[in-house]
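The values are calculated or read from the model by the stated rules, or taken from the named source; none is laboratory data. Predicted, not measured: the structure shown is a model, and the values here were computed from it. Quick reminder, even Gly has a Cβ in these numbers, built from the backbone with ideal geometry, and neighbours come from all protein chains shown.
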Amino acid sequence: MAKLLKFITCGSVDDGKSTLIGNILYNSKLLYADQEEALILDSKVGSRGGAIDYSLLLDGLIAEREQGITIDVAYRYFTTDKRSFIVADTPGHEEYTRNMAVGASFAQVAILLLDVTKGVLIQTRRHARICSLVGIKYFVFAVNKMDLANYSKEKFDEIVAQIDELARELNLKNIKIIPVSATEGDNVTTKSKNMEWYKGESVLEYLETVDVTSEDKNSSFYVPIQRVCRPNHEFRGFQGQIESGEVKVGQTVTVLPSNETAVVKSILNGDKTVDSAFLGQAVTIQLDREVDVSRGSVITDNNELFASKNISATLLWMDDDKLTIGKEYLAKIGTKKIPAIIKKVEHQIDVNTGEKIKIDSITKNEIALCEIEFSDKVIVDKFKKNKVLGELILIDRLSHQTAAAGVVENVKVSEEIPYFQKDDIVIKNGYIFEEMYFDLKNARLSKSEENKKTYFVDDKITGKGDSFEYPEYFDIISVEDGAAALVRNYKIFDIIKLSDYHYTGLPLVDTGGCALNINKKQDMQDFLEDWQKNKNISEIHNKWAKFETYRRVVSTDYSYVI
């Protein structure tokens, strides 16, 4: 039997999505006797004058039946002689676009229904664009209600021309256009005698034979780690589902983000030891040496995967509250869940036309390209290259509701720039000249990276900003980097190793801009000894650093300043 196929039905309101799937289930004899009997009884009190209403098989909510529309996503599993299927029947109303997107995110094939009397509508364009956005590559355009057009080939050809134009606009490659009548069964499970001019397959015949395996072809291997398994002190295995390629015993792999290499010692598929495993299999991998692996890590042989803190992603906003720049969300990407903020909205994408609109925020069911920053580096890739590592959701930290779903467009893989550099002496990871703002609405402290740059000897520095003001002469101390930067007359006078630094009585600050409580040489000696003895940075900071000497937090209406 062919591989399981996951598909979605979508389109505008009342185009017949539920009816089409109900017809497949009914006429393929895929119902239990009691289901068939209940369908016949329900149809007698329905809106079709006693004729069988196939949509009732999927529209299970009372509210849906009363309105005659689908509201929630209805999933059904069924099997024919040739294939097994999971189908998501999704709502057509614009209000429920986010529900439709959830269904689309799991599918390999999209069936878009069009009313032959109406043609390609705005909602048709919206759903086609979202399906393409989430990575669906195979599209069936089912031109429905052909019975109302007297099965006219001319009318069908008019709609085909509209679909071809839409396919070119969205760059859809694999499309199939089928004339159907979902209520009468024409070209749904079998070929229609009313449209002998149509020579292609029925909807079910196409679904049973379409080959979607080409989208899974990727020679490189990677597995996002779900769990570290340690049943005893002798065994340490890393568990996850292989998302690409094949792994074999004896193969050299890399663990990300630590970049450590190791050799595959053994592979378990379930409780069976195997010599190799491939795409789609859940495995436990044991390596030949101890490496740093935890949930969210990735084991791979792909040297083009990177860890990054900054990405740009196309987001479909799902929250009832509008997008807030600078608000902290939980990002779920691969097997990793990590705090993240939206730094900037590059532009909104009109979901109906594809037009790019300059805007600062978006609301529910709107799409935008955004810059996102994670609190730490994560393994991430472009969605077009790696689906699992290129798709993400944002979760509201208070309500725990999904705020947005999106796909990664670009990954910033360059290393964080140092703040001060002279030859091989580097001071990095500081934010001494970054503005600090407090968002009153969200009670959140945020930083602007507007002034983030690398300073060299003789460069001028910014001594005063909204949230800081430094003296004309002072020294910057970085124990972590073992270096010091000497500022004279608001210029970088020198950058030296900390071992060569001598306290001269000038004010001292750390790399965050906090004043260090050092007033004599003995203080400096005690400070450095504390660092050697105590690795708890918070304790050292609380003892020696003072924030408010040169720093202050500025309240603002904007929670992240770009």
Exclusive hit being surrounded by 14 or more Cβ atoms within 10 Å (Cβ to Cβ) and among the hydroxyl-bearing types (S, T, Y), set S538, S555, S478, S499: S478
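Per-residue answers, yes or no, for (1) modelled with pLDDT under 90; (2) buried (at least 24 other Cβ atoms within 10 Å of the Cβ); (3) outside the structural domain of L207 (by TED's automatic domain parsing); (4) closer than 23 Å to L207 by Cα:
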| site | (1), (2), (3), (4) |
| --- | --- |
| F85 | yes, no, no, yes |
| D89 | yes, yes, no, yes |
| M100 | yes, yes, no, yes |
| A110 | no, yes, no, yes |
| T117 | no, no, no, no |
| C131 | yes, yes, no, yes |
| A142 | no, yes, no, yes |
| A149 | no, no, no, no |
Residue list for the range 169-198, restricted to those being in contact with a helix residue (DSSP H, G or I) (Cβ under 7 Å, 6 or more places away or on another chain) and in a strand (DSSP E or B): I175, K176, I177, I178, P179, S181, D186
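Taking the condition closer than 27 Å to A167 by Cβ and either touching a Leu at 6+ places or on another chain (Cβ under 9 Å) or modelled with pLDDT of 80 or more (or both), does K382 pass?
So K382 passes the test.
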Count of the range 383-410 residues which are surrounded by fewer than 15 Cβ atoms within 10 Å (Cβ to Cβ) and in contact with an Asp or Glu (Cβ under 7 Å, 6 or more places away or on another chain): 2
Selection within the range 266-321 - among the basic types (K, R) and either more than 21 Å from G250 (Cα to Cα) or assigned to a strand (DSSP E or B) (or both): K272, R295, K309
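Considering each of V298, V293 in turn, give the residue that is β-branched (V, I, T), touching a Phe, Trp or Tyr at 6+ places or on another chain (Cβ under 6 Å) and at pLDDT below 90.
So the residue among V298, V293 that is β-branched (V, I, T), touching a Phe, Trp or Tyr at 6+ places or on another chain (Cβ under 6 Å) and at pLDDT below 90 is V293.
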Lone qualifier among V426, V413 - being modelled with pLDDT of 85 or more and surrounded by fewer than 20 Cβ atoms within 10 Å (Cβ to Cβ): V426
Residue list for the range 340-379, restricted to those being in contact with a Leu (Cβ under 6 Å, 6 or more places away or on another chain) and polar (S, T, N, Q): S361
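Taking the range 502-535 only, how many residues are charged (D, E, K, R), surrounded by 13 or more Cβ atoms within 10 Å (Cβ to Cβ) and under 22 Å from N429 (Cα atoms)? Walk me through it before giving the result.
Here is the first cut: in the range 502-535, the ones charged (D, E, K, R) are 510, 520-521, 523, 526, 529-530, 533, 535.
Going one step further and asking which of them are surrounded by 13 or more Cβ atoms within 10 Å (Cβ to Cβ), we end up with 510, 523, 526, 530.
From what is left, the residues that are under 22 Å from N429 (Cα atoms) are 510, 530.
The qualifying residues number 2.
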